[in-house]
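The structure under discussion appears below in the form of structure tokens.
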Amino acid sequence: MRAAVYHGREDLRLEDVPEPVAGPGDVKLRVLYNGICGSDLHEYYDGPMTTRTTPHPLTGVKNPVIFGHELCGEVVAIGAGVEDLECGELVAVEPLETCGRCLYCSCGQYNHCPLVAFHGYNRAGGGLAEFTVVKRSMAHRLSPGLTPVQGALIEPMSVAWHTANRCLVEAGQTVAIHGAGPIGVGVFLTLKRRGVETIVIDPSPVRRAALAKLGAKSLVDPADGDVVAAIRDLTGGRGAHASVDAAGVPAAFRAALHGTRVDGQAVVVAIHHEPIVIPPFDMLMPEVRITGVAMFCNAFPSVIAEMARGTYPLVGWVETIPFDGVIERGLKRLRRQEGMKILVDVAGAA
């Protein structure tokens, strides 16, 4: 079968590799769509980071590895012991394999398992392949009527869902979202569904225009002036009840911290690759709680249900490309910020 195999920094190759077989407790999928994530960009241009040059302690997998962790596929084979899925069903893949035995797995916080392995980085297979095999626990059946394109967005929208949960806000309150990439868009749509007001900050006019079409009312260009002052002007001088750093740059983090009101929540979901210096008084005086987001946990069923209800419209920010364009039309365009959310049409349906 054809697969996009990651060998190392800026070395992703479309290769012919053996087709996988479903073992006991496994589900084999024909991959339909796979999204390109910001983490994939970092891995391709700056890695190896999440992938490994030594065997992963849970799976034994090391580079080269098949890329891809945001995927939807059609069930084509079922391993022994799997009785609640049928061939032909569509599933979204939750790309985490955990030990199932540690403290965090036992208490339901499996996203903190110290041995967690990521499909597309640390497992034998990935979504950028014609076929892939996952554990039954990783395969979530789509609601009737959902398309494979929608299915491929369940993973990033689950990150957004978990981020929105960690904002600890209620309907009528306000969240400032710094960064209007796919996760920022997902956070906006999730909060909009919950009746939470938002202020979206992003320097890209294309992204701001896309958010406006999705219903965002307060949009701020950081190039226009003082972002914190703009947030406070829009919130009666107090600041947002919570802020989300979905940008991953120091300026966004500082604006998120200072634009949050006293006793509010500053949530970091973006990956920062450089240390951020926080003067102690910046934490002491505002009494803002700073927290992070570790992927997602038990979010897939809720996000699939919300996708079926229309919470995550795709018009204006999601596009598809052919498999052989994964580098030139996918990774490189995203690197140049020429697209928002790009899904690879692995099966050639488009």
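Numerical summary
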| quantity | calculated |
| --- | --- |
| Strands (runs of 3 or more DSSP E) contained in the stretch 1-101 and holding at least 2 residues farther than 25 Å from P148 by Cα | 2-8 |
| Answer from V159, V149 - the residue that is in a helix (DSSP H, G or I), touching a Leu at 6+ places or on another chain (Cβ under 7 Å) and open to solvent by 10 Å² or more (accessible area, probe 1.4 Å) | V149 |
| G186 being out of contact with any strand residue (DSSP E or B) (no Cβ under 8 Å at 6 or more places or on another chain) and not β-branched (V, I, T) | yes |
| Residues of the stretch 199-221 classified as assigned to a helix (DSSP H, G or I), of a type in the set (G, A, S) and surrounded by fewer than 18 Cβ atoms within 10 Å (Cβ to Cβ), total | 2 |
| Some residue of the stretch 262-275 being buried (at least 17 other Cβ atoms within 10 Å of the Cβ) and over 25 Å from the mean Cα position of the chain (by Cα) | no |
| Any chance A246 is within 20 Å of G184 (Cβ to Cβ), open to solvent by less than 50 Å² (accessible area, probe 1.4 Å) and hydrophobic (A, V, I, L, M, F, W, C) | yes |
| Cross-chain or 6+ apart pairs with Cβ under 6 Å, the stretch 45-73 first and in contact (Cβ under 8 Å) with a residue 12 or more places away in the chain, then surrounded by 21 or more Cβ atoms within 10 Å (Cβ to Cβ) and of a type in the set (K, R) | T59/R123; V61/R123 |
| Residue identified as surrounded by 14 or more Cβ atoms within 10 Å (Cβ to Cβ), within 28 Å of F253 (Cβ to Cβ) and modelled with pLDDT of 95 or more among V326, V293 | V293 |
| Top-ranked residue of the stretch 1-36 - restricted to ones that are over 28 Å from I78 (Cα atoms) and touching a strand residue (DSSP E or B) at 6+ places or on another chain (Cβ under 7 Å), ranked as surrounded by the fewest Cβ atoms within 10 Å (Cβ to Cβ) | R13 |
| Criterion violated by P144 - all others in (1) open to solvent by less than 20 Å² (accessible area, probe 1.4 Å); (2) within 30 Å of I78 (Cα to Cα) satisfied | (1) |
| Selection status of E338, of a type in the set (D, E) and touching a Phe, Trp or Tyr at 6+ places or on another chain (Cβ under 9 Å) | no |
| Residue in the stretch 276-290 that is modelled with the highest pLDDT, counting only those that are in a loop (DSSP other than H, G, I, E, B) and surrounded by 14 or more Cβ atoms within 10 Å (Cβ to Cβ) | V288 |
| Some residue of the stretch 120-133 being of a type outside the set (K, R), open to solvent by 20 Å² or more (accessible area, probe 1.4 Å), within 11 Å of V27 (Cα to Cα) and touching a strand residue (DSSP E or B) at 6+ places or on another chain (Cβ under 9 Å) | yes |
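The values are calculated or read from the model by the stated rules, or taken from the named source; none is laboratory data. Keep in mind that this is a model prediction, so the values were computed, not measured. Cβ atoms come from the backbone with ideal geometry, glycine included; neighbour counts cover every protein chain shown. Remember, those area values only see protein heavy atoms, side chains included, never the ligands or the DNA or RNA. Shrake-Rupley method; radii C 1.70, N 1.55, O 1.52, S 1.80 Å.
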